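Below is one structure; the comments refer to it alone.
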Amino acid sequence: MAMVSRPSLPVRALFAVLPVAMLAGCAGQSGNYPSLAPRPIEQLSLAEPSRPKPPAVVADPVAVERYAPLIEKARKADADFRRVLEEERPALARGQGAAEGSDAWLAAQVSLSRIETARGPVAKALADLDTARSALDPQTDTGAMVANEQAFDQVRQISDAENAVMAEVSASKG
């Protein structure tokens, strides 16, 4: 077996002192370097700033007055619809279960037509309000849009009630 020679004492001392000397070179400040502490700009929040809620949009009084006649027409038309419905109920009752083509059946069909026709003005009011809404600019006419939506909802409730009555009448005609 061959023997490995050990380095001499001065070489070993050099290996022990060399890393310490290298570390000492890193520890001293030899230039003007900036601090690694957070800068003021780094302390600013990048979160979305909170914004106040926009004010609630209220209905434009002028638009409310403009749509009021349509609501009133729909209410009057609904009253007429209900009057016609009550007038035609006897004919509908006689036609219920009657043979198709019989006089009672034909009278019931005519009554259904009269009732459906009585619904027309409410449907027209809805269409007029829808047309008025499509002419508005939602970005600039916000008060008018609110007034239109309120009027449309009122007339739609009337129309929905009439639709429910018609569904009931149609279901009972047999």
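The values are calculated or read from the model by the stated rules, or taken from the named source; none is laboratory data. Quantities reported herein were computed from a predicted structural model and do not represent experimental measurements. Cβ sites come from the backbone with ideal geometry, for glycine too, and all protein chains shown count toward neighbours.
Worth a mention:
- Of all residues in region 48-99, those satisfying the criterion of being in contact with a Phe, Trp or Tyr (Cβ under 8 Å, 6 or more places away or on another chain) and either within 30 Å of A132 (Cβ to Cβ) or part of a loop (DSSP other than H, G, I, E, B) (or both) are A98, A99.
- Whichever residue in region 149-162 is of a type in the set (D, E) and surrounded by fewer than 19 Cβ atoms within 10 Å (Cβ to Cβ) and, among such residues, is nearest to the chain's Cα centre (by Cα): E149
- Only one of the listed residues (V165, V110) is more than 38 Å from the chain's Cα centre (by Cα), among the hydrophobic types (A, V, I, L, M, F, W, C), modelled with pLDDT of 90 or more and surrounded by fewer than 17 Cβ atoms within 10 Å (Cβ to Cβ). That residue is V110.
- The listed residues are P52, P7, P69, P38, and the only one of them that is modelled with pLDDT of 75 or more and over 30 Å from V146 (Cβ atoms) turns out to be P38.
- Among the residues examined, A56 does not qualify as within 28 Å of S159 (Cα to Cα), of a type in the set (G, A, S) and without any contact (Cβ under 8 Å) to a residue 24 or more places away in the chain.
- Evaluation of E72 against the conditions (1) on the phi > 0 side of the Ramachandran plot; (2) free of Cβ contacts under 8 Å to residues at least 12 places away in the same chain shows that the sole unmet condition is (1).
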